[in-house]
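Q: Take a look at this one; I'll ask things after.
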Amino acid sequence: MANNSRAKTVETICPYCGCGCKLKYHVQRGKITKAEPIKDDPVSQGRPCIKGLTSFEPLTVERLKYPMIRRHKNSPLRKVSWKQAFKFIKEKTKNLKESDIFFTGSGEFTNEDNYVMQKFARVVFKTNNIDCCARLCHVSTGKAMHDAYGLGAMPSVMDDVLDADVILAVGTNPAYNYPVLFNRILEAKKRGAKLITIHAVPNATSKFSDIHLNVPYEALTAFIAGLLNAVSEECRSKVDGFKETKKSISYLTPNYVTKLARIDIKLFNQVVSHIVASKKFVALHGMGLTQHANGTENVAALLDLCIVKNGKTIPMRGKCNVQGASDMGCCPDWLPFGGSRSAAKEAWGIDLPAQEGKKITETLENAPVKAAYIMGMNPAQSLPNLNEVHVQLENMFIIYQHHHPSETAKFADVVLPGAMLPEKDGTTTNAERRVRRIRKAVSSPAGLQDWEIICGLAREFGYKKQFGYKTSKDVFAEITRAVPEYAGLEWNAVSTKDDCFAEKEIRFRKLVPIEKIIQVESPKTTDYPFTLTTTRLQYHFCTGEATRRSKTMMKMQSKPVCKINDVDAKKLGIKTGDLILIKSTAGEIEIEAETDATLPSGMLVAPYHFEGVLINKVIPSHRHLDERTKTPNYKAVKVNVEKVNKRQ
Ligand code: SF4
């Protein structure tokens, strides 16, 4: 860190995607004035994207600055002191049973924030009712990885792409969502690698592919398993589970799956030939594979393909610390101390709660609790079936801890003003499980880091001893004792080196039979003849609390539009700029249309970043969650569409 009394530079990590690039912030008089790439950062390779380079802009826009409470449901939020806010929370929650309250961690917050949050839930409220944004994206990846490798994280690194001869990218758009991974894909292509993309709609990445297959979401599981079936005909494997897996998918012949997916069998065979011939096969996947009613099966089929080919797998995770939030135990079924009750008792002085906790997709919609402490998430915008979620949130006591207001803040009974990543000290864990040091460049408006807020509240509840940390380093030291995957990591090393990883060792390689390929959605009906898929835009991030407050990002993309195939649009009398009404069994939403000749007929594509247009109101959830992880299907929703008024 360079410093003089007025100006300094601080090296820390980008607050956005799971790549976790290092950035250099220039600070003057307590404000960040510019972000610069760091040339020798092995993650960004000196080329972070524009989102990272403008990531400081939202820091000074519409921040939550002080604690607030709402004494009665219809009264306004009022400014109070920290002490008053903590007392109010205690008064309202102290008599709740452990099953009555729910907590969230956050993929946008540090490991230290997440560790302290899950400890608060388990120590103070004796509950495993804690979850995080991983539930909405990649829990199915973690589950399938565990089954296949005995490891809940990516065993590879992004640089593995550079050596690949065939790159298969399924349900992902790294050109927009993981730009520094995409740089590596382009480099690999220059070296001769073939890029094959599979996605329900063409995207910015598929423009660069050698073969692109538009596989509808409904046929995705069968199609990937069909590829596995065809490839494993040629590549016999001695890996555990080969016979059982082959048997489970033997009916998925090339003829069958190409008919189902409406794909030319010649293209399918070309893809099979490339994969069979590949010596350095790499498979990437994203939320197009996981946010699916068969999410875990989809990932399992792709991992099986990787294992048969002795290849590498790179699942890219959405948020900068979603891997870390899960690792820290912000999951109902992922306990610290590897679940050892005696170790927890010795370290924390309490018994770990025995009962498995609730998942966020169950809790805030159909199995409501009485109170929720929501840190760093915006479920009133990010969950499916929002009409129902809003009713439940309205009826609960909500503690909202975040750096910016959001749709969820509207339901808050208590607001605790948190900090953004450039205002924190600590660590994050990127998608590769690379543990990276976060350094505070500026102070947050309210002056506290999120773990400090939770510790203050814990002390109000009488847990001074268990929450007596003085610094982020103290919390990190406890993490290395409580989270087995982080054992042996040292603060100094994480602070000075770029190659500190949490556990990445594969314990075994096992092919997992693909037992269940369930129908994703009810078949097309005349009531709901279109399929809506939600997507991420190049210049926005998740529910947009930060990027919607970045003037540069808003200049690039200022409003949401729903893409519709141009022929479909013409039949419905819809032109670009018209307002359209999208209806499903869950709800309806108005959004501006944009016609697109490259989109397959029958598809609609809309982003979920904008709170003015809550697209998740039309996403149903009952019966549409991945059975094993309860991750929602945001990708294949049957809807109707109509024009609602004249051109805007
Ligand atoms: S958004 Fe992702 S790719 Fe872009 S700078 Fe941040 S971490 Fe890097």
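The values are calculated or read from the model by the stated rules, or taken from the named source; none is laboratory data. If you're wondering where the values come from, they're calculated on a predicted model, not measured in any experiment. Counting neighbours? That spans all protein chains shown, and the Cβs are built from the backbone with ideal geometry, glycine included. Just the protein is used for accessible areas: all its heavy atoms, side chains included, with ligands, DNA and RNA removed. Shrake-Rupley method; radii C 1.70, N 1.55, O 1.52, S 1.80 Å.
Q: Given a 1.4 angstrom probe, what's the average accessible area per residue across segment 498-625, in square angstrom? Mind showing how you got there, number by number?
A: Working: 5860 Å² over 128 residues.
So segment 498-625 comes to 46 Å² accessible per residue, rounded to a whole number.
Q: Another question, then. Which peptide among 530-541, 204-215, 408-419 comes first, and what is the full order, when sorted by highest mean count of other Cβ atoms within 10 Å? Before the final figure, lay out the partial values.
A: Details: 530-541: 20.9, 204-215: 18.4, 408-419: 24.1.
Per-residue mean Cβ counts within 10 Å order the peptides as 408-419, 530-541, 204-215.
Q: What is the antiparallel percent of DSSP beta bridges lying wholly in the chain, to the nearest 5? Mind dumping the intermediate values first?
A: Values: 39 of 83 bridges.
Beta bridges within the chain, antiparallel portion: roughly 45 percent.
Q: Once you've got the Cα coordinates, tell me which of Lys190/Lys279; Lys358/Lys583; Lys22/Lys51; Lys87/Lys319; Lys126/Lys358; Lys194/Lys309 are over 21 Å apart. Can you show the working numbers first?
A: Working: Lys190/Lys279 17 Å; Lys358/Lys583 30 Å; Lys22/Lys51 13 Å; Lys87/Lys319 33 Å; Lys126/Lys358 13 Å; Lys194/Lys309 15 Å.
Correct reply: Lys358/Lys583; Lys87/Lys319.
Q: How would Ser237, Ser250, Ser106 rank on accessible area, largest to smallest, probe 1.4 Å?
A: Values: Ser237 20, Ser250 65, Ser106 0 Å².
The most accessible residue leads, giving Ser250, Ser237, Ser106.
Q: Counting pairs of alpha carbon atoms under 8 Å apart in space and at least six apart in sequence, what relative contact order in percent does segment 358-438 give? Please list the in-between numbers first.
A: Numbers: 104 pairs, mean separation 18.2, N = 81.
RCO, segment 358-438: 22 percent.
Q: Here is a further query. Can you pull out the trypsin sites (Lys or Arg not before Pro) in segment 442-509 that DSSP calls coil and that have at most 11 other Cβ atoms within 10 Å?
A: Working: sites: Arg459, Lys464, Lys465, Lys470, Lys473, Arg481, Lys497, Lys504, Arg507, Arg509; in loops: Lys464, Lys465, Lys470, Lys497, Lys504, Arg507, Arg509.
Passing sites in segment 442-509 are Lys464, Lys465, Lys470, Arg507.
Q: Sticking with this structure for a sec: Scan segment 437-526 for GluC sites (Glu not before Pro) in coil per DSSP, keeping those whose Cβ has at most 12 other Cβ atoms within 10 Å, and list them by number. Before the final figure, lay out each step's value.
A: On the way: sites: Glu452, Glu460, Glu478, Glu485, Glu490, Glu503, Glu505, Glu515, Glu521; in loops: Glu490, Glu503, Glu505, Glu515, Glu521.
Those that pass, being in a loop and sparsely packed, are Glu505, Glu515.
Q: In Å², and per residue, what accessible area does segment 15-135 have when probed at 1.4 Å with the other protein chains present?
A: 40 Å²
Q: Report, in debye and to the nearest 20, how large the dipole of segment 342-421 comes out about its Cα centre when Lys and Arg carry +1 and Asp and Glu carry -1 on their Cβ. Can you show the working numbers first?
A: Details: 5 positive and 9 negative charges, 23 e Å.
Roughly 120 debye, rounded to the nearest 20.
Q: Suppose accessible area is computed on protein heavy atoms with a 1.4 Å probe; arrange Tyr66, Tyr251, Tyr469 from highest to lowest.
A: Details: Tyr66 90, Tyr251 120, Tyr469 30 Å².
The ordering from most to least exposed comes out as Tyr251, Tyr66, Tyr469.
Q: Within segment 37-98, report the GluC sites (Glu not before Pro) that DSSP leaves as loop and that have at most 16 other Cβ atoms within 10 Å.
A: Sparse-neighbourhood loop GluC sites (Glu not before Pro): Glu62.
Q: Let me ask something else. Which percent of the accessible heavy-atom area of the chain goes to carbon and sulfur, probe 1.4 angstrom? Mind showing how you got there, number by number?
A: Working: 11840 of 24290 Å².
Here it works out to 49 percent.
Q: Per residue, how much accessible surface does segment 139-315 expose to a 1.4 Å probe? Answer in Å², no decimals. Don't skip to the answer; put the middle values down first.
A: Numbers: 5940 Å² over 177 residues.
Accessible area per residue: 34 Å².
Q: Roughly speaking, what is the centre-to-centre gap between segment 418-471 and segment 235-306 when only Cα atoms are used, to the nearest Å?
A: Centre-to-centre distance over Cα atoms comes out at 42 Å.
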